[in-house]
Amino acid sequence: MVDTVQSVTGPLLPEQLGVTLTHEHIFINMTRTTPQDGYLNVWAEAEAELGLFTAAGGSTLIEVTNGELSDYAAPVGWSQDPRDMQQNPRTGSRSVANVLATKAMAEATGVQVILGTGHYYDTYLDKRWFDRNATNTIADFLIADLLDEIPGTGVRAGVIGEVASDLSHITAVEERSFRAAARASRETGALVSTHAASFPTGLAQLEIMREEGVDPGRVVIGHADTVKSVDYSLELARRGAFVQFDCLMTCRIGGNLISHQIDRRLSYLRTLIEKGHQDRILLSQDVCQRSHTRALGGPGYTFLFEEFRALAANAGIDPEVLDSIHTANPRRAIFGQ
């Protein structure tokens, strides 16, 4: 258990979290794999989207842009020094500009933003950097981000994540990233939030965490809703991890609701609740591309509180259960309660 969690504007107590989205991005650069759409760096657009979030009753975002995704992930002109715009070449930490722009956005909008620290999946990783740094050294860099500062920013990370693998297996360099994350979590008590898209590799991620001595209750397995098997989600919950359905950006595209995407997630959600795992569920939209913004017809940061809430009620899911998922469950995950 931890008593407080660090946000970009200072420590938060459990009762201060309020309505929380547990896997989102504000400024991010995914152009290596999504060249036309995967770049959020426009201040006015982010400010408007976060304004909708607060208007819908939202309080807190866990912003899990990691070191690799922070490269030039800040508004144009934020810094005249290109070094500030780039991932830290020594520690692998987020870029200075990404952190300071996110802090400024939190101050401008009143949203409480908790930053993640960690590393993305194989395609994005600097293999030579990983070869030069021992796993314990990488863990020490993560620990410093959490306990000291993200270098050059005066801002501390609050969680570890998103730590990623992206294939049907975990590559060797990804495994080292996960082991470093686990060791940093064991040292600090920080929550670990993962990326495990399409394939049921969250089970392997969780096993690495267990081998390194991390309690499964300190681990959030991300993108579980992209794995088309509710049995996978049930097994993650049975093992004690938090099951995160966070790819709801696929449920609203170009202003249209995508029924088959929504219906499958509602079915999985209802099954987990009926099986007694409602305390292990987290929900988010994973806004990480411009097309995901509300202004361009995506879910934005509010879909869960609007269309999805109404559809969930029609599917027999108690609105009070959803309220608990948005408030009590993030507290359990972050603080170990």
Taking segment 48-92 and keeping only residues that are over 20 Å from ARG156 (Cβ atoms), touching a strand residue (DSSP E or B) at 6+ places or on another chain (Cβ under 9 Å) and part of a loop (DSSP other than H, G, I, E, B), one is left with GLY58, ASP71, TYR72
Filter result for the condition that a residue is under 19 Å from LEU17 (Cα atoms), more than 17 Å from the chain's Cα centre (by Cα), in a helix (DSSP H, G or I) and of a type in the set (Gly, Ala, Ser), over ALA108, ALA97: ALA108
Cβ contacts < 8 Å: first residue within 14 Å of ALA104 (Cβ to Cβ) and at pLDDT 95 or above, restricted to segment 70-89; second residue in a loop (DSSP other than H, G, I, E, B) and of a type in the set (Gly, Ala, Ser), any location; separation 6+ or different chain. Result? ALA73/SER95; ALA74/SER95; ASP84/SER95; ASP84/GLY152
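Table: residues versus (1) assigned to a strand (DSSP E or B); (2) over 17 Å from GLU68 (Cα atoms).
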position: THR123; (1), (2): no, no
position: THR137; (1), (2): no, yes
position: ALA157; (1), (2): no, no
position: VAL163; (1), (2): yes, no
Can LEU125 be described as surrounded by fewer than 17 Cβ atoms within 10 Å (Cβ to Cβ), within 19 Å of the chain's Cα centre (by Cα), closer than 23 Å to MET30 by Cα and not basic (Lys, Arg)? no
Can you report the number of residues in segment 301-337 which are assigned to a loop (DSSP other than H, G, I, E, B) and at negative phi? 7
Quick test of your reading of the structure: ARG265 fulfils all but one of (1) out of contact with any helix residue (DSSP H, G or I) (no Cβ under 7 Å at 6 or more places or on another chain); (2) under 29 Å from ALA46 (Cβ atoms). Name the failing condition by number. (1)
Can GLY92 be described as at pLDDT 95 or above, within 23 Å of HIS326 (Cβ to Cβ) and not basic (Lys, Arg)? no
Would you point out the residue of segment 266-312, among those that are closer than 23 Å to THR194 by Cβ and of a type in the set (Asp, Glu), that is surrounded by the most Cβ atoms within 10 Å (Cβ to Cβ)? ASP286
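The values are calculated or read from the model by the stated rules, or taken from the named source; none is laboratory data. As the structure is a computational prediction, the values presented were derived from the model and not from experiment. Glycine gets a Cβ as well: all are built from the backbone with ideal geometry, and neighbour counts include every protein chain shown.
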